[in-house]
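The values are calculated or read from the model by the stated rules, or taken from the named source; none is laboratory data. None of the values given here were measured: they were computed from a predicted structure. Quick reminder, even Gly has a Cβ in these numbers, built from the backbone with ideal geometry, and neighbours come from all protein chains shown.
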Amino acid sequence: MKRLVWLLSCCIMLGLAYPYQAPAEALRVGVSGLSAEFTPVWAANERGIFKKYGFESEVIAMQGGTQLAQAIIGGTIPIGVMGGAYLTAAVRGADLVMIATHMDKFPYSLIVKPAIKRTEDLKGTKLAISRFGSASDAGLRVSLQRLGLNPDKDVTILQVGGQTSRFAALKAGTVDGTVVIPPLSGAAQRLGYNALINMTKLGIPYPQEGVVVTRQLLASRRDMVMRFLKAYLEGVRELKVDKDFAVFVIAKYLRMDPKKDREALEDSFQEVIIEQMLKVPHINLEATKVALDLLGKERPANASTDPKDYVDGSLMQELIKSGFIDNLYR
């Protein structure tokens, strides 16, 4: 009896010292390319924040938002971080909705060959984007229109892939220009290329990057999606308050040299993470409306033009009201 009591006591003490933890839930998160825009996901992964919220995460980089939207619809990736490309599918009836937007303006610069110095010089050129219908495509088209050029007639727009692929195409001379964000925009200028259009200065609202899920997932796994949002918001915080960590994350995932490319990496930290990345990633209805309008003929005649039909800000409102975001920055 004494031995039994002793064994039970040991079991109780071990249970208190090492409480049972449920197995981490496998989670595949998609991002629509390799860019500083996706650092919140990478930061949450690096700092173990996803584990904190019960996930064993795998971050998968796709070649543009169009491809990622298809993966979410198909169910191979439940949560994606992407831009307005999801609307191309949503207006055709796909079960996609944006639930948070951490960048709500176009962040790109149009980088071109040194010989191209004026907007007029763009006529007849070949310009690279990721995929048709992507944020890079939308940003380029609306910027050209605002500067008096017809993107369907005055230039040839080519699908090349992610930023690094587009930049490589520019350096190889297979295209005359491409749209990129820091650190590649700064690195390109230091190599002698011209930044002909700075879309950040144009201030065009657009759902550049945010969290996209299906309504079905939101209805059936709301708690899981909420846990993801908390991890994602903590990822944003880690980047904003720790410059060295932010530079490390950008360098690691964009495969840049932390020492040789330090200036370009710091440009990216300042311009993307500090100036453009939102602490409170509200749904921006004006930005969603701009994205819907940009679809033009791609939007079916019977599709809703109300931006509220393509977003769901209810989880973000819960987090704001609970004080979760305020507490992150105290």
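With the condition kept exactly as written, say whether any residue in the range 174-181 is closer than 30 Å to V236 by Cβ, of a type in the set (S, T, Y) and in a helix (DSSP H, G or I). Walk me through it before giving the result.
Applying the first criterion (closer than 30 Å to V236 by Cβ) to the range 174-181 yields 178-181.
So of that shortlist, the ones also of a type in the set (S, T, Y) come out as 178.
Remaining after also requiring in a helix (DSSP H, G or I): none.
No, the range 174-181 has no match at all.
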(request) Filter the range 42-61 for residues that are within 18 Å of E238 (Cα to Cα) and either outside the structural domain of E234 (by TED's automatic domain parsing) or assigned to a loop (DSSP other than H, G, I, E, B) (or both) and give the result. (result) R47, G48, Y53
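Out of V175, V155, I need the residue that is outside the structural domain of M82 (by TED's automatic domain parsing), over 23 Å from A100 (Cβ atoms), in contact with a Gly (Cβ under 8 Å, 6 or more places away or on another chain) and of a type in the set (V, I, T). Which one? I'd like the intermediate steps shown before the answer.
Working: V175 fails: in contact with a Gly (Cβ under 8 Å, 6 or more places away or on another chain).
Of the residues listed, the single one that is outside the structural domain of M82 (by TED's automatic domain parsing), over 23 Å from A100 (Cβ atoms), in contact with a Gly (Cβ under 8 Å, 6 or more places away or on another chain) and of a type in the set (V, I, T) is V155.
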(message) Kindly evaluate F228 against the criterion of being at pLDDT 95 or above and either buried (at least 18 other Cβ atoms within 10 Å of the Cβ) or within 15 Å of the chain's Cα centre (by Cα) (or both).
(response) yes
(request) Output the number of residues of the range 129-174 satisfying the condition of being more than 20 Å from Y86 (Cα to Cα) and small (G, A, S). (result) 7
(request) Of the conditions (1) touching a Leu at 6+ places or on another chain (Cβ under 8 Å); (2) at pLDDT below 95; (3) more than 25 Å from M256 (Cβ to Cβ), E25 clears all except one; give me its number. (result) (1)
(request) Kindly indicate whether any position in the range 158-166 is buried (at least 22 other Cβ atoms within 10 Å of the Cβ), part of a helix (DSSP H, G or I) and free of Cβ contacts under 8 Å to residues at least 40 places away in the same chain. (result) yes
(message) For the range 123-156, give me each residue that is closer than 16 Å to I197 by Cα and in a strand (DSSP E or B).
(response) K126, L127, A128, I129
(message) Restricting to the range 278-330, and then to whatever is of a type in the set (G, A, S), surrounded by fewer than 14 Cβ atoms within 10 Å (Cβ to Cβ) and part of a helix (DSSP H, G or I), can you tell me which residue is modelled with the highest pLDDT?
(response) S314
